[in-house]
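The values are calculated or read from the model by the stated rules, or taken from the named source; none is laboratory data. Note that the coordinates shown come from a computational prediction; the quantities given were computed from them, not determined experimentally. Please note: Cβ atoms are built from the backbone with ideal geometry, for glycine as well, and neighbour counts cover all protein chains shown.
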């Protein structure tokens, strides 16, 4: 019988991969907590309209990548392809639009049907933060600075560059869109097929093309800065000033547009050359109209998401595997005592393990395989004395320790 394999684009997280994954989440959660972001958990399965209504009917996510299906009740549901829309839906569903701002941290799996590649899977995982209900430029800068602090805590900030841009307000974008379309129409015949389609549906996305010919053309395209309204320019300058105050290094890239329709004003990416062509590790921006699309009131918001798989790949080394204390009984009577000893150690916060069977030699071999740092040996003589032999498996040093003192001795 053929062994079953994971679905294409899905993978197991085991051993070192699992430790890297967990380290990214725990580090990000710790930093986000210090910055005042509370953890939210939203369902992985949402009403399809949460995404089709908010990501834009012309976005690649909606047209090509969503895992959508009818459930047994005939409702269209979708495995979440991203979590910003779900967080905004949760804000409205839980009646929190009267308690703003809300600062949110999340972590979990997302699903997109796309070609698997290095650091990108069909089930992938993201961390993200959102500030809901704040229109000030400082909110944009704070979420970016918090992201930079997370990258710093992970030890990967030095290998990344923050690129920022503004998409302006609606009036700015309308004027810029007209100028960009006029320019691109002059080069339409030379654009890739995908960019010609985008020119008709969402022309700003042409700026994001990875095609070499497209990139050569858009290098000469107009940028948005000449089309900003006074209000949009003030917002943009406020973001840059706050980033400087936070001490976050950055460079302006007028070609960053982001792929989803709900963005406005600030757009940004942390990029690296350590992952090949797919170099974005954290990206986001401002999305002032998204909560309103969910049926809530106008709610200015800003946030970002980062791929856990990519961040895990950037870690210089994996967190070490946990090193347990090996409890090794010799004889049937000692096994019963060993169970009590393990329970006491575990309740004291000490990772403790015992081989299920075998003599002293085999159980010591098992302890070495698990990477145990210490062995607690229980034999007849120890039971009679109410002690255990505590052996340092690295140095070989050994001493008798009273059973009631084991937790205090090994907990440090």
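Remarks
- Only one of the listed residues (231, 216) is farther than 15 Å from residue 254 by Cβ, modelled with pLDDT of 90 or more and out of contact with any strand residue (DSSP E or B) (no Cβ under 6 Å at 6 or more places or on another chain). That residue is 231.
- Residues of region 181-198 satisfying the condition of being part of a loop (DSSP other than H, G, I, E, B) and either on the phi > 0 side of the Ramachandran plot or loosely packed, with under 15 Cβ neighbours inside 10 Å (or both): 186
- Residues being modelled with pLDDT of 95 or more and surrounded by fewer than 20 Cβ atoms within 10 Å (Cβ to Cβ) - total across region 110-122: 0
- Per-region count, region 12-58, residues assigned to a loop (DSSP other than H, G, I, E, B), farther than 17 Å from residue 81 by Cα and more than 16 Å from the chain's Cα centre (by Cα): 5
- Filter pass, residue 247 being over 21 Å from residue 286 (Cα atoms), under 24 Å from the mean Cα position of the chain (by Cα) and either at pLDDT 85 or above or not assigned by TED's automatic domain parsing to the domain that holds residue 129 (or both): no
- Residue among 155, 159, 147 that alone is closer than 30 Å to residue 315 by Cα and either crowded, with 21+ Cβ neighbours inside 10 Å or modelled with pLDDT under 85 (or both): 147
Each row is one residue, and each column tells you yes or no for (1) at pLDDT 95 or above; (2) touching a helix residue (DSSP H, G or I) at 6+ places or on another chain (Cβ under 9 Å); (3) assigned by TED's automatic domain parsing to the domain that holds residue 82.
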{"position": "295", "(1), (2), (3)": "no, yes, yes"}
{"position": "298", "(1), (2), (3)": "no, yes, yes"}
{"position": "302", "(1), (2), (3)": "yes, yes, yes"}
{"position": "308", "(1), (2), (3)": "yes, yes, yes"}
{"position": "360", "(1), (2), (3)": "no, no, no"}
{"position": "365", "(1), (2), (3)": "no, no, no"}
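- Strands (runs of 3 or more DSSP E) lying entirely in region 300-412 (those with 1 or more residues that are closer than 30 Å to residue 21 by Cβ): 301-307, 325-329, 374-378
- Residue 86 modelled with pLDDT of 90 or more and within 19 Å of residue 143 (Cα to Cα): yes
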